[in-house]
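Working notes, structure below.
The values are calculated or read from the model by the stated rules, or taken from the named source; none is laboratory data. Remember, predicted model here, so these are calculated numbers, not experimental data. Glycine gets a Cβ as well: all are built from the backbone with ideal geometry, and neighbour counts include every protein chain shown. In case anyone asks, the SASA skips ligands and DNA or RNA and just uses the protein heavy atoms, side chains included. Shrake-Rupley method; radii C 1.70, N 1.55, O 1.52, S 1.80 Å.
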Amino acid sequence: MATTHEVTAETYVRTFSHRNAVLARLAPGDTVRTTTLDAGGQDFDDARRGEPGNPLTGSFYVEGAEPGDALLVRFDRVRCNRNWGWSANRLGLWALTPESIEGIYSNHYQADLIRPGRDNIIPWDIDLDTRVARLREPKPSTLALEFPVREMVGCIG
């Protein structure tokens, strides 16, 4: 008989390892309902609960699974859990040559706007009803930047 597990992490890891503590033990076919942190370690209330660098919710132990087994994970629902997000201020240097990006605009926007010690990330507002993200700042001067939201899983392993 499959069980639904309501799982809340108290600590987060940033590695995929069998040495990490097990957050929940699952039987094949079980369902997990949980929340995650953003890539910077903030939760849905904007509280910092983990270290930056894609903190992971888990580890989950699947009863009967052995090294070398393949596991099927099905996501029944993935949704945004807050009404804002952030992105880098500009294209990554891996997208174009560094010289071309540096000549167009700086990698610095506003110190500590979203995260202490960071000056290169910008905020977006997310309308959870219409699922549209809109650039909050810098304020666009000619055309409002907005995009449909497509929820993403992030890191899973």
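Of note:
- All positions within region 39-59 that are open to solvent by 30 Å² or more (accessible area, probe 1.4 Å) and charged (D, E, K, R): D45, D46, R48, R49, E51
- Residue count, region 67-83 (criterion: over 22 Å from S17 (Cβ atoms) and open to solvent by 100 Å² or more (accessible area, probe 1.4 Å)): 5
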